Amino acid sequence: MSEEPGYREHSEDDEDLFEDIRRFLAEQAGDEVYEDIRAAFQGARSFINRELRSMEEYARMIRTLERLVEEEFPGEFSGPVRARLAEMLYAYGLAHYSLLQQQGPIEVEVEPEPEEESAANRPLVIYDLWFPQDIAIEHAEDGYYLHLSDGRIDLSLYLGADPNERGALVDLVDHWGYASANTPPGEYQPPGERITPVLTVELDYEGSELVDADDHVDILFFDHNGEPIVRMHARAGELRAIIDELQTIGNDGAL
């Protein structure tokens, strides 16, 4: 008969392994980790109170998180408690983001100098492009550009050597499908006399995200760091016009 498995004395290798495991767990769950998270969380809450609380985007995000909490724990929390949980989730997400960016906790007491502020990643610091009236595709030497303008802001999106290589058309088709199914049709505004925009934004396309905004949708365009820096307000009609411009390239082969 073979020996039944039983207790085996620990070797020196076992002891070394167990010591490594204990050290690893101590490092991961120690006071230093707690202090880092706590400091980042406090900094995030101060940043929210100072910069974000008055923004509609923040209120919309809190309402979204409240709905998520209610879906996960139906009937468990009263309205005020659910709102508090949503705010804590948002603050924790912002704190975690700051730690992942290896920036340390967000500064609370000291206002950053202008050059430091411009270099830091700031969530939802974006330009607003309202319902675009001017939409065009440019075929330049280095590739294709999608130009959008509301007469106040010009947005130039570099799409790459091939107009669809960044997935721009796929993203916009998805956005249009959602907008056409979930937002009422907006009144068409014929292009008026072009005025000089107060701002021109050039952006290398790195993807976009759609936000439901009741009677329209908001599209956040990301920069190379994954930060949303331009928000375009659009209805299904505007998105359809953009898609038509992009599809024209494939049909004609050239501009």
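Look at E57 and say whether it is surrounded by 12 or more Cβ atoms within 10 Å (Cβ to Cβ), at pLDDT 90 or above and not hydrophobic (A, V, I, L, M, F, W, C).
Taking the combined requirement at face value, the residue does not satisfy it.
Considering each residue of region 64-94, count those that are surrounded by 15 or more Cβ atoms within 10 Å (Cβ to Cβ), touching an Asp or Glu at 6+ places or on another chain (Cβ under 9 Å) and closer than 23 Å to N49 by Cβ, and give that number.
The number of residues fulfilling the criteria is 7.
Take the residues in region 41-54 that are among the basic types (K, R) and part of a helix (DSSP H, G or I), then tell me which one is surrounded by the fewest Cβ atoms within 10 Å (Cβ to Cβ).
The residue in question is R50.
Yes/no matrix, rows are residues, columns are (1) of a type outside the set (S, T, Y); (2) more than 10 Å from the chain's Cα centre (by Cα); (3) under 26 Å from I62 (Cα atoms); (4) assigned to a loop (DSSP other than H, G, I, E, B):
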site: L210; (1), (2), (3), (4): yes, no, yes, no
site: D218; (1), (2), (3), (4): yes, yes, yes, no
site: F221; (1), (2), (3), (4): yes, no, yes, no
site: M232; (1), (2), (3), (4): yes, yes, yes, no
site: I242; (1), (2), (3), (4): yes, yes, no, no
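Do you know which residues across region 153-182 are surrounded by fewer than 16 Cβ atoms within 10 Å (Cβ to Cβ), in a helix (DSSP H, G or I) and of a type in the set (D, E)?
D174
The values are calculated or read from the model by the stated rules, or taken from the named source; none is laboratory data. Predicted model, so just to flag it, every value in this text is computed and none were measured. For neighbour counting, all protein chains shown are included, and Cβ atoms are generated from backbone atoms with ideal geometry for every residue, glycine included.
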